[in-house]
1. What percent do you get for the relative contact order of the stretch A:33-156 when only Cα pairs under 8 Å and 6+ apart count?
2. Using the charge dipole of the stretch A:33-156 (Lys, Arg: +1 at Cβ; Asp, Glu: -1 at Cβ; taken about the Cα centre), state which of A:59, A:48, A:145 has its Cα farthest towards the positive end.
3. Working from Cα positions, state the angle (0 to 90°, nearest 10) between the long axis of helix A:2-13 and the longest principal axis of chain A.
4. For chain A, evaluate the Debye formula with one uniform point scatterer on each Cα (no solvent term) and list log10 I(q)/I(0) at q = 0.08, 0.09, 0.12, 0.15 Å⁻¹, rounded to two decimals.
5. What does the charge dipole of the stretch A:33-156 about its Cα centre add up to, to the nearest 20 debye, if the Cβ of each Lys and Arg holds +1 and the Cβ of each Asp and Glu holds -1?
6. Treat the count of other C-beta atoms within 10 Å as a stand-in for reagent exposure and order B:83, A:115, B:254, A:57 from fewest to most.
7. ³J(HN,Hα) across the stretch B:177-182 via Karplus (A = 6.51, B = -1.76, C = 1.60, θ = phi - 60°), whole Hz, x for Gly/Pro?
8. What order do you get for B:118, B:277, A:133 when you list them from fewest to most C-beta neighbours inside 10 Å?
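Values in this text are rule-based calculations from the coordinates and carry no lab data. Everything quoted here is computed from the prediction, not taken from an experiment. For neighbour counting, all protein chains shown are included, and Cβ atoms are generated from backbone atoms with ideal geometry for every residue, glycine included.
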Amino acid sequence: MKKSLAIAVSVIAAPASAGTVTVTIPRIAVAEYHVPYVAVWIEPKAGGPARTLAVWYDVAKRGNEPGTKWLADLRTWWRKGGRSLKLPADGVSGATRAPGAHRIAIPANVKPGSYTLFVEAAREDGGRELVSMPLTVPAGSAKAAGKTELGAIVVKSR
Amino acid sequence: MIAKSLFFTTAALGLTVPAFAHNQWLLPSTTVLSDTQQSVTVDAGASTAPFEPNHNALSVEGVKVWAPDGSMGAIENAARSKYRSTFDVKIDKPGTWRIGMENGGISGSFKVDGEPWMVGRRRGPPAGGPGAAGGARAGGAGAGRPGPAAAMGPGAPGGRPQIDPSHIVASVDDIPANATDLDLTETVGRNEFFVSAGEPSDALFKPTGRGLEFVPVTLPTDLVSNEPGQFRFLVDGQPAAGLEVEVIPGGRRYRESDGTQKLKTDDQGMVTVQWPMAGMYWLNASLTDAKPGNPKASKRRMSYTATLEVLAP
């Protein structure tokens, strides 16, 4: 029911985005695996503030050590803009994702132009990786890949 | 041994700071926090290589905490162990905090009826400041480099006149009215680090226009190893041009060289620091001039020390 409603909305409101970014979280064979915190953001090539497209963290964890405590471990995102983002942020923040490919829409109101796309992942008891790639909006096709904490990152026009 | 006697000589005369000084350092557990529900825990010590606890603990009784909104915070859980002291600071307000010590005093020599006297064996925060009882500080002026705190040493070897312990006064106010040949140095030092919770703020970096001041252009909790850090130094509100700034990375014993960078400020008092790696850095600058605040002193020695955390990009 929910699904068909979503499809109906997207048909009416198309184009709903300026393209998509697919982020792959690799499966990592370790005894103690925790899903990573991931941030995806863009920065205008010519300089200017970063815009966060997605941040996945332990939203549900409260108490003494809430999930937000470790957001600064996404250290580049934190410095570039994460720290000024009020969380939870509608359409931007969400729960951590399991290994696999996850698609993020580039919002339709991102102005056409040249950007750098950044994807940063930090994993508890694991590593941290930052991948960046050029991005043009509206999006053409582009690809990059991480080596350790991130897999393929694919940009598509829709 | 040679080094030691030289130390006592220079210290007793209150002249210069020995080059083999033990550096005083504050080492915070972290400097970037994502919320206001956490604490930083801090080590404080004095040793040749910054952050290596192998010589002396630093007294933390004079540590002050400036919260981003201008209010004063407090330290918690202070403890002194053999080679370092520790304390915690609750970072419960958003913005950039300033945590450290300000110390000052006046030391030097004078004469009464031709007999040599000394002032300033005790060091502590500036007069009137909290915790003014200096006592057994680990090496002096609370700034990065110890001042002539070793004046209690067993006289001065090497043929120098020995100062009778009864000829040492604690403060400049105790100098008798008939004193002559005053040779006094005012010492002002600051040793600090910064912590940001959430978005950093620069409210605490507004210069006061007094003494040697550190005015960051790159915010000190925003440092990354692939971007240079830029800082400005001011003396009495004016650019401190040509000031020597020393920058030493921690982790000395895992390297062949101490990695010390000796930099100089430009005409605008600006220094640009390249970071060879991520990690904790110890930054120090000192300057002596002839503009003391106290009319009895003839020289003013100012020193500034900061611990800076540089993250990997």
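1. Working: 232 pairs, mean separation 33.9, N = 124.
It rounds to 27 percent for the stretch A:33-156.
2. Farthest towards the positive end: A:48.
3. For helix A:2-13, the angle is close to 40 degrees.
4. Summing over Cα pairs of chain A leads to -0.23, -0.29, -0.52, -0.82.
5. Working: 18 positive and 10 negative charges, 65 e Å.
Result for the stretch A:33-156 is approximately 320 debye, rounded to the nearest 20.
6. Arranged by neighbour count, lowest to highest, B:83, A:115, B:254, A:57 become B:254, B:83, A:115, A:57.
7. Ordered by residue, 3J(HN,Hα) equals 5, 8, 5, 10, 6, 5 Hz.
8. The order, fewest Cβ neighbours first, is B:277, A:133, B:118.
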